[in-house]
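The next block holds one structure in the form of structure tokens; read it before the comments.
The values are calculated or read from the model by the stated rules, or taken from the named source; none is laboratory data. The structure presented is a predicted model; accordingly, all values stated were derived computationally and were not measured. Here the Cβ is made from the backbone with ideal geometry for all residues, glycine too, and neighbour counts use every protein chain on show.
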Amino acid sequence: MSHFCLLSDPQAYRPQDWDLLADEKGRAYWLDLFSRHFEIALDHAGQRYGRKAARSIAVARKAFAEQIEKLRKEPASLPGGELNIMELCRARERVLRENRLPDPFGNVKQRENDLAMGLYMQVVRKLHAMEPEEKWLHLIECVFAGNIFDLGAPETMHLADDPTDFLAAVENTRPRPWAVDDYDALGELLVTSPPTPWEKAVVFVDNAGSDFILGVMPLVREMALGGTQIVLAANELPSLNDITVYETVDVVRQLAIDDADLAALVEAGLFEVVSTGGDIPLIDLSNVSDELNESASDADLVILEGMGRSIESNYDVPFSVDCLRLALLKDSAVAERVGGELFDCVCKYTPAG
């Protein structure tokens, strides 16, 4: 594990700049949110692991509640003495794993994947009738629409109950200009393809279900058809409803059964799935897997998808290659920090250097 090889300045890298030790209001907001959301995770754990997990759930509930209360009184009490959203995520996952509740949302992820795979070919076929200008904008809007189905955001997690709303969500995407809108510069590069302007893209993926299957996959499939080799980088371990590397491999394999173009792209070596080594919804690029760095060494584009990986962490981090950040703002506090509103869209394209 080491720094991500495409960082411009690894030694100066900081994944987050929201210091909750220095922000009393922000600290209270996030401690309250994590406390409430942990109860939701435990409810799902009860459904996934059954009665045999009742004691583990009770112990986890007590342990996390005590940790939150200690942080209210002693904000610097976590290992390392820092307090930010990333450290709170690590604290939550640590309690769940220590109590043998590593994947409380596993059943929901599988259901979401099954439903989204049933819609995948419908989404892909729609692209065939579109002109390039319309198609590429539609693909970006699909990413935004998919990103709304998120069990990590209290404002949107109820939507995960029915991912079939995805097609309506695409139509209801906020019109441009978005909160951060670099699409004109991005579109100029895309609408003239094929070939696409990048030889290889590393794509840090986010949630299972509609987010990955109906948002990310149609976009990267189209890029691969234009000649870009795609590296899908996913978490090693489960966290919330994030898709893991093992689930990603399985989903791509299943999609390729009905999608002959995707099957041909996979056969031609234009798709690869690697582990980031990560285990939380944010991504710490100072500590990624050797597998990821080996695959990314000759990439010329990084795509950070989802609010956790592209907004809550790594928002202003410079890369040595082009970078595209795509996310829907699903938390009011996060939206406020980037000058947007709840459900605003972020399309931040930053050319290399």
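Here are a few things to note about the model shown:
- Scoring D114 on the criteria (1) surrounded by fewer than 20 Cβ atoms within 10 Å (Cβ to Cβ); (2) without any contact (Cβ under 8 Å) to a residue 40 or more places away in the chain; (3) outside the structural domain of P238 (by TED's automatic domain parsing) leaves a single failure, condition (3).
- Within the stretch 106-130, the set of residues being closer than 18 Å to F149 by Cβ and over 22 Å from the mean Cα position of the chain (by Cα) comprises Q122 only.
- Every residue from the stretch 79-105 that is assigned to a helix (DSSP H, G or I) and either under 18 Å from the mean Cα position of the chain (by Cα) or β-branched (V, I, T) (or both): I85, M86, E87, L88, C89, R90, R92, E93, V95
- Look at (1) outside any loop (DSSP other than H, G, I, E, B); (2) farther than 26 Å from R55 by Cα; (3) in contact (Cβ under 8 Å) with a residue 60 or more places away in the chain; (4) not polar (S, T, N, Q) and you find that K126 fails only one, number (3).
- Filter result for F166 (at pLDDT below 90, in a helix (DSSP H, G or I) and either crowded, with 17+ Cβ neighbours inside 10 Å or small (G, A, S) (or both)): yes
- Residue satisfying all of: in the stretch 236-251; crowded, with 24+ Cβ neighbours inside 10 Å and out of contact with any helix residue (DSSP H, G or I) (no Cβ under 7 Å at 6 or more places or on another chain); nearest to I303 (Cα to Cα) among these: D242
Residues checked against (1) buried (at least 17 other Cβ atoms within 10 Å of the Cβ); (2) within 24 Å of D344 (Cβ to Cβ); (3) out of contact with any helix residue (DSSP H, G or I) (no Cβ under 8 Å at 6 or more places or on another chain):
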| residue | (1), (2), (3) |
| --- | --- |
| G106 | yes, no, no |
| G118 | no, no, yes |
| H128 | no, no, yes |
| E133 | no, yes, no |
| H138 | yes, yes, no |
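- The stretch 302-353, residues that are part of a strand (DSSP E or B), hydrophobic (A, V, I, L, M, F, W, C) and more than 15 Å from L282 (Cβ to Cβ): V302, I303, F319, C323, L324, L326, L328, C345, V346, C347
- Test: residue in the stretch 282-291 that is touching a residue at least 12 places away in the same chain (Cβ under 8 Å), of a type in the set (A, V, I, L, M) and within 18 Å of M217 (Cβ to Cβ): no
- Residue in the stretch 66-79 that is surrounded by the fewest Cβ atoms within 10 Å (Cβ to Cβ), counting only those that are in contact (Cβ under 8 Å) with a residue 12 or more places away in the chain and farther than 14 Å from L33 by Cβ: A76
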